[in-house]
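Structure, as structure tokens:
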Amino acid sequence: MPLEIVSYVTNPGAGGKFVVLVPRGGDDGGALLFSDFTRDFQHADIVRRWEKARGVSASSSGRAISGGGWWRMEGTRLILYGQSAAYGRFDPVWVRARLEAGTVMAESRIDVL
């Protein structure tokens with residue numbers, strides 16, 4: 001199943017951080033939250049922004065935080081790497097499979113390091 005892509009990116013050239021939300025009790029409903037370094041400095045800031053926009057916590061929405069990392073763009077190439085100090089390493093196989101199943105990233109090459 002594809003992931004919902006939520007972007008809080010205002011400056012794609014800056015790179016930034018991302019957080020993975022996985023569905024509880026199923027395979028549908030995951031999300032990848034992106035923000036850039038000029039907007040959010042910590043992974044928890046991204047989660048708080050998402051929760052505030054929806055008026056619900058990640059856990060009460062049926063999702064769990066499942067790691068995070070950093071991202072950068074090189075042309076149309078999206079590179080995901082590293083890990084969150086707060087949430088740990090994301091599952092690269094799970095994230096890649098869902099990004100490749102969606103249409104949002106269809107024009108991008110995705111590298112998960």
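Brief remarks follow.
- Residue match in segment 102-110 (condition: modelled with pLDDT under 85, farther than 18 Å from Ala14 by Cα and among the polar types (S, T, N, Q)): yes
- Residue among Arg98, Arg24 that alone is in contact (Cβ under 8 Å) with a residue 40 or more places away in the chain and within 13 Å of the chain's Cα centre (by Cα): Arg98
- Meets criteria (surrounded by 15 or more Cβ atoms within 10 Å (Cβ to Cβ) and modelled with pLDDT of 85 or more) for Val56: no
- Residue check for Gly82: more than 14 Å from Ser7 (Cα to Cα), surrounded by fewer than 19 Cβ atoms within 10 Å (Cβ to Cβ), out of contact with any Pro (no Cβ under 8 Å at 6 or more places or on another chain) and modelled with pLDDT under 90: no
- Some residue of segment 28-47 being among the polar types (S, T, N, Q) and surrounded by fewer than 20 Cβ atoms within 10 Å (Cβ to Cβ): yes
- For segment 27-77, a tally of residues being part of a loop (DSSP other than H, G, I, E, B), more than 13 Å from the chain's Cα centre (by Cα) and under 18 Å from Ile110 (Cβ atoms) returns 2.
- Flag for Ala86 being in contact (Cβ under 8 Å) with a residue 40 or more places away in the chain, assigned to a loop (DSSP other than H, G, I, E, B) and hydrophobic (A, V, I, L, M, F, W, C): yes
- Residue that is nearest to the chain's Cα centre (by Cα), among those in segment 3-18 that are within 16 Å of Ala97 (Cα to Cα) and part of a strand (DSSP E or B): Ile5
- Ser35 vs. criteria in contact with a strand residue (DSSP E or B) (Cβ under 6 Å, 6 or more places away or on another chain), under 16 Å from Tyr8 (Cβ atoms) and of a type in the set (Ser, Thr, Tyr): yes
- Selection status of Arg89, modelled with pLDDT of 90 or more, on the phi < 0 side of the Ramachandran plot and not hydrophobic (A, V, I, L, M, F, W, C): yes
The values are calculated or read from the model by the stated rules, or taken from the named source; none is laboratory data. This structure is a prediction, so every number in the text was calculated from the model and none was measured. So basically every Cβ, Gly included, is an ideal-geometry build from the backbone, and we count neighbours across all protein chains shown.
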